[in-house]
Amino acid sequence: MIETGIIKLDDYLMGGIPNGKSLIYYTHPGVEGNVFGMQTLYHNLAAGMKCVFVASSSDPTMIIDTFKEFGWNLETYRENLIIVDAYSGLVGATSNEKYIVGDPENIDSLNETIEKVIEELDDKSVIMFESLSTIMDLCGEQKTLDAIKNWNTYGMLYEHVLIYNFTAWPYEPETLEHIKHNLFDAVITIGGIAERVIFGQYFGVLKAEWSDVKLKSMLFRVLRPGGIRIYIPKIVVTGPFDAGKSTFVHALSTRAVSVDRIGTTVALDHGHVDYKGFSADIFGTPGQERFDPIIKMLSGEAMGIFLVVDSTNTKDFVRAKQMLEITKAYGLPLVIIANKQDKSDALKPEEIRKHFNIPDSVKILPAIADKGVGVFEAFESLVNKITEVA
Amino acid sequence: MTDTINMLNKILDDTKKVGGVESAVIVSRDGLLITSNFPSSDSTRAETFAAMSATMLGAAETATTELGKGTPDRVIVESEHGKLIATGAGPKALLVVLTKLDAGLGLILVELEKAAEKIKKIL
Ligand SMILES: Nc1nc2c(ncn2[C@@H]2O[C@H](COP(=O)(O)OP(=O)(O)OP(=O)(O)O)[C@@H](O)[C@H]2O)c(=O)[nH]1
Ligand SMILES: [Mg+2]
């Protein structure tokens, strides 16, 4: 089994891709899907695996540069990386690679080289095709489909994992259907959405023969450097006056601004968090009742809610519950932050729970926001809830 | 303290004399109503109005300073029934006026600036 190296996708796939299986990243045009195969390749190189990169749209130097944009240095692992050069032959360039496809426009020439590589690999390896679409454009749809069948059979025999990057240009409908449903053991679809106001890119598992995890699509964004991050466009931080919401947003964020006047938030806090493969935008609300219209407005389209309470201030718990109504938090992923745990009269999370009529599945976590204590634990807990794999 | 309020009210009343101005409000930066010459029927709504004015000006100030464009002199909101103008009046307060739809802004802005300067000195 190898990992894809893409957060949450490995959970969907129940750990990753078993040896001998094939997986295609099926990308709709206009979406940044190529980075998926690249990230999987790099993740396995870094894990010490032997990897093969079948280059059909760029030469080896360009490939190394493209990986570098993401902060991935292929040269570090060069002895474990075989580049099958199916590009230089197209532009009449010379190549220093060991495996060169003489005529990239001829599927037999490509086929021959790939078979040879597979036979000569002495370990179970990861073989990644830079662009199946380019191969189809050069060699024809039907011929490529036949070749894929052959490569996947070879992969199965030698227990390699085969990864394909593919962009679903308007090919014959039967070709696309065949790719989506028959040819591969797993199909990851990558697309774009313009749903309500949030525009985003998502990925989802269309099929994975070895996994019975339910399909759920995930928003992502691509960072340079960094690669794929699960993207959470809006997490709302709410809670009564002076509970420590703004402090919490700042403690969590790599970058944050607050519209505070005379020590209180009059508009909002906004911060951006990049943590453990998650990229999230955080919106802190004011706490005082006169700002309720703003609180309501800010909490629209939230994907999850933090309710921050001052653990010493029980009389504000009623207001806290009211704020859960205002932000329509019931039904959304919710984590309650029992803040100001450094104070001697702070109630413990279990004691705070008695004041709230919430299901046990809602966590109440201790924090000292102004020292940054507990804030990332809380973040992880909430994003895991938001992205829970069913 | 009543003296202060009386002085502020005088400033508001003077502002109201400017052609086109319907009412004027002084709000603390954190969104509390300090004083207004709203018609009394509107007084309950004045609280929300005060808070949202502080929100608007605060958000506008942060938006422009984040871009390195300095602090805005004022926020002008034009609606179907008139205009709303919010301007900073020192670090503690802001001054908001509501005008008629057809009010000319030139004179109003000059008078607002003078009033804001006075408020700043009093608070
Ligand atoms: N002792 C202690 N003080 C804290 C902690 N977190 C925040 N504070 C303090 O609590 C006060 C309020 O913090 P804010 O972050 O402004 O609170 P808020 O919830 O954003 O307040 P509003 O926006 O006015 O509703 C500040 O003085 C903070 O320094 C904590 O964990 N322990
Ligand atoms: Mg705040």
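The values are calculated or read from the model by the stated rules, or taken from the named source; none is laboratory data. Because the structure is predicted, anything quoted here is derived from the model rather than measured. Using ideal geometry, Cβ is built from the backbone for each residue, glycine included, and neighbour counts are taken over all protein chains shown. Each accessible area value is taken on the protein alone, full model and side chains, heavy atoms only, with ligands, DNA and RNA left out. Shrake-Rupley method; radii C 1.70, N 1.55, O 1.52, S 1.80 Å.
Having 2 or more residues that are more than 22 Å from A:Phe184 (Cα to Cα) and of a type in the set (Val, Ile, Thr) is the bar; report the helices (runs of 4 or more DSSP H) wholly within the range A:1-118 that clear it.
A:60-69
Could we say that A:Ser258 is open to solvent by 10 Å² or more (accessible area, probe 1.4 Å) and within 8 Å of ligand 1 (Cβ to nearest atom) here?
In short, yes.
With the requirement that a residue be within 13 Å of ligand 1 (Cβ to nearest atom), open to solvent by 30 Å² or more (accessible area, probe 1.4 Å) and touching a Gly at 6+ places or on another chain (Cβ under 9 Å), what does the range A:224-250 give you?
A:Phe241, A:Asp242, A:His250
Pick out the one residue from B:Glu78, B:Glu61 that is open to solvent by 60 Å² or more (accessible area, probe 1.4 Å) and either within 11 Å of chain A (Cβ to nearest Cβ) or farther than 18 Å from A:Val266 by Cβ (or both).
Of the residues listed, the single one that is open to solvent by 60 Å² or more (accessible area, probe 1.4 Å) and either within 11 Å of chain A (Cβ to nearest Cβ) or farther than 18 Å from A:Val266 by Cβ (or both) is B:Glu78.
Look through the range B:57-70, keep the residues that are farther than 17 Å from B:Leu32 by Cα and in contact with a strand residue (DSSP E or B) (Cβ under 7 Å, 6 or more places away or on another chain), and return whichever of them is modelled with the lowest pLDDT.
In this case the residue turns out to be B:Glu66.
In the range A:242-268, which residues are within 14 Å of chain B (Cβ to nearest Cβ) and either in contact (Cβ under 8 Å) with a residue 60 or more places away in the chain or charged (D, E, K, R) (or both)?
Within the range A:242-268, A:Asp242, A:Arg255, A:Asp260, A:Arg261 qualify.
When you check A:Leu223 against the structure, is it more than 30 Å from A:Lys21 (Cα to Cα) and either at pLDDT below 95 or assigned by TED's automatic domain parsing to the domain that holds A:Thr327 (or both), yes or no?
For A:Leu223, the condition - more than 30 Å from A:Lys21 (Cα to Cα) and either at pLDDT below 95 or assigned by TED's automatic domain parsing to the domain that holds A:Thr327 (or both) - is not met.
Pull up the range A:273-320, narrow it to residues that are open to solvent by less than 10 Å² (accessible area, probe 1.4 Å) and among the β-branched types (Val, Ile, Thr), then point me to the one that is farthest from the chain's Cα centre (by Cα).
A:Val309
Residues are listed down the side, and each one gets a yes or a no for (1) of a type in the set (Gly, Ala, Ser); (2) free of Cβ contacts under 8 Å to residues at least 40 places away in the same chain; (3) away from ligand 1 (no atom under 11 Å from the Cβ):
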{"site": "A:Leu332", "(1), (2), (3)": "no, yes, yes"}
{"site": "A:Lys343", "(1), (2), (3)": "no, yes, no"}
{"site": "A:Ala346", "(1), (2), (3)": "yes, yes, no"}
{"site": "A:Glu350", "(1), (2), (3)": "no, yes, yes"}
{"site": "A:Asn357", "(1), (2), (3)": "no, yes, yes"}
